[in-house]
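What follows is a single structure, written as structure tokens, with notes after it.
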Amino acid sequence: MKIGIVGATGEVGRAMIKVLEDFKLQIDELRLFTSKKSTGRILTYKDIPIETETLTEEAMKEKFDFLLFSAGASVSEHFAPIAAKHGNIVIDNSSAFRMNPEIPLIVPEINGYLLKNYKGIVANPNCSTIQMVLSLYKIHEKFGIEEIFVSTYQAVSGAGHKAIIEMEKQFRGEKINNVFPKQIAYNVIPLVGTINEDGFSEEEHKMINETRKILDDQSIQIYPTTVRVPVYYGHSESIVVKTKKEFDSLSNIIKTLKISENVIVTDEIITPIEVAGSDLVYVSRLRTIDNSRFAFWNVADNIRVGAATNAVKILMTMAGIL
Ligand code: 2RA
């Protein structure tokens with residue numbers, strides 16, 4: 001396969017290279033595209049050095065089996081349609097196309113069937129959405145979901161490598177830049193992205209709209225509060241669910257969660273540090289409130305589960321490997 005990665009030097013781009021290695025895909029040619037300022041950097045794939053090249057419209061007209069994009073919405077909006085117009089399949093990690101009704105928004109374990117005979121642009125959901133729907137799709141199938149109350153505790157890597165550097169500077173007492181709206185060191189910030197007129201943030205709207213699209217149910221009411229915390233990798237989420245049908249006992253919830261692919265249900269308390277590098281979603285602190293409401297703690301590596309691994313699984317599904 002001939003694969004291209006756009007945004008190869010970013011947190012997610014680098015993770016995409018690592019996931020392609022980890023999943024041992026047969027790749028004959030891997031091209032790494034970046035902005036002009038990152039051109040010429042050497043990255044490795046299976047210990048083979050690959051020099052990054054500047055992203056151009058011409059390059060997007062070449063024939064690839066798959067192009068993985070993670071370079072921000074404006075880059076995707078400009079270059080992904082050019083690539084798709086020339087017959088390429090684009091798996092885009094930006095928010096550019098997620099809510100486009102013509103474009104599938106995919107978590108392969110949940111709605112991978114939508115990719116059958118599909119060509120063009122495929123949207124990769126937002127990281128905080130992916131780990132939540134992976135833990136809830138079987139609950140929705142069996143009991144129906146009426147409401148989801150979720151508070152997130154999002155790692156700084158979600159805001160990119162510059163955010164990691166900024167957090168480290170702040171912990172060293174160096175001058176604060178404006179990567180975050182407030183100091184992140186020794187602090188938490190109750191805002192991810194910008195705030196909309198309704199008082200909910202961009203990130204919170206993503207969780208609402210993307211969850212409804214992926215679970216194909218516009219009736220689900222979702223009440224998110226997204227928070228940035230001084231953690232390197234691993235988003236955590238405190239979730240309360242109200243189901244449409246009564247589930248009667250916690251053991252019925254546990255049984256249903258346990259048939260969810262790539263979800264681990266445990267009695268242990270799981271923290272972000274323990275899940276960094278994993279491709280699984282971890283559910284703990286499970287407890288019931290009554291016969292139709294339960295609560296739990298959900299943790300996953302936001303860069304892998306929440307972006308790179310989901311994107312590569314979409315590629316593998318379309319390539320007939322998964
Ligand atoms: C974040 N979910 O965590 C957003 C984008 N990756 O910053």
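The values are calculated or read from the model by the stated rules, or taken from the named source; none is laboratory data. In this text, all values refer to a predicted model and were calculated from it rather than measured experimentally. Cβ: placed from backbone, ideal geometry, glycine included. Neighbour counts: every protein chain shown.
Before moving on, here are some points about what is shown:
- The listed residues are Val75, Val133, and the only one of them that is among the aliphatic types (A, V, I, L, M), within 16 Å of the ligand (Cβ to nearest atom), surrounded by fewer than 20 Cβ atoms within 10 Å (Cβ to Cβ) and modelled with pLDDT of 95 or more turns out to be Val75.
- Residue match in the range 84-94 (condition: of a type outside the set (Phe, Trp, Tyr), under 30 Å from Ala185 (Cα atoms) and either in contact with a strand residue (DSSP E or B) (Cβ under 7 Å, 6 or more places away or on another chain) or modelled with pLDDT under 95 (or both)): yes
- Restricted to the range 220-322, the set of helices (runs of 4 or more DSSP H) holding at least 2 residues that are under 19 Å from Val156 (Cα atoms) comprises 272-275.
- Top-ranked residue of the range 278-304 - restricted to ones that are within 16 Å of the ligand (Cβ to nearest atom) and in contact with an Asp or Glu (Cβ under 6 Å, 6 or more places away or on another chain), ranked as farthest from Ser251 (Cα to Cα): Ile303
- In the range 219-233, residue farthest from Ser128 (Cα to Cα) [restricted to those that are in contact with a strand residue (DSSP E or B) (Cβ under 6 Å, 6 or more places away or on another chain) and of a type outside the set (A, V, I, L, M)]: Gln221
- Pick from the range 167-219, criterion among the acidic types (Asp, Glu) and surrounded by 17 or more Cβ atoms within 10 Å (Cβ to Cβ), ranking: farthest from Val156 (Cα to Cα): Glu210
- The single condition among (1) within 16 Å of the ligand (Cβ to nearest atom); (2) in contact (Cβ under 8 Å) with a residue 24 or more places away in the chain that Gly112 does not meet is (1).
- With respect to the conditions (1) hydroxyl-bearing (Ser, Thr, Tyr); (2) within 16 Å of the ligand (Cβ to nearest atom); (3) without any contact (Cβ under 8 Å) to a residue 24 or more places away in the chain, Ser251 falls short on a single one, namely (2).
- If you go through the range 107-148 and pick out every residue that is charged (D, E, K, R) and under 28 Å from Val229 (Cα atoms), you end up with 1.
- Residues (farther than 30 Å from Glu202 by Cβ and charged (D, E, K, R)) located in the range 47-96: Asp47, Glu51, Glu53, Glu58, Lys61, Glu62, Lys63, Asp65
- Arg228 vs. criteria in contact with a helix residue (DSSP H, G or I) (Cβ under 7 Å, 6 or more places away or on another chain) and over 22 Å from Ile110 (Cβ atoms): yes
- Qualifying residue in the range 8-29 (condition: part of a helix (DSSP H, G or I), in contact with a His (Cβ under 6 Å, 6 or more places away or on another chain) and either among the hydrophobic types (A, V, I, L, M, F, W, C) or at pLDDT 95 or above (or both)): yes
- Cβ-Cβ contacts under 9 Å between residues 6 or more apart (or on different chains), taken from a first residue in the range 195-208 that is away from the ligand (no atom under 15 Å from the Cβ) to a second residue that is not in a loop (DSSP other than H, G, I, E, B), are listed as Asn196/Glu202; Asn196/Glu204; Asn196/His205; Asp198/His205.
- Considering the range 11-39, the residues that are in contact with a Ser or Thr (Cβ under 6 Å, 6 or more places away or on another chain) and touching a residue at least 40 places away in the same chain (Cβ under 8 Å) include one that is farthest from the ligand (Cβ to nearest atom), namely Val19.
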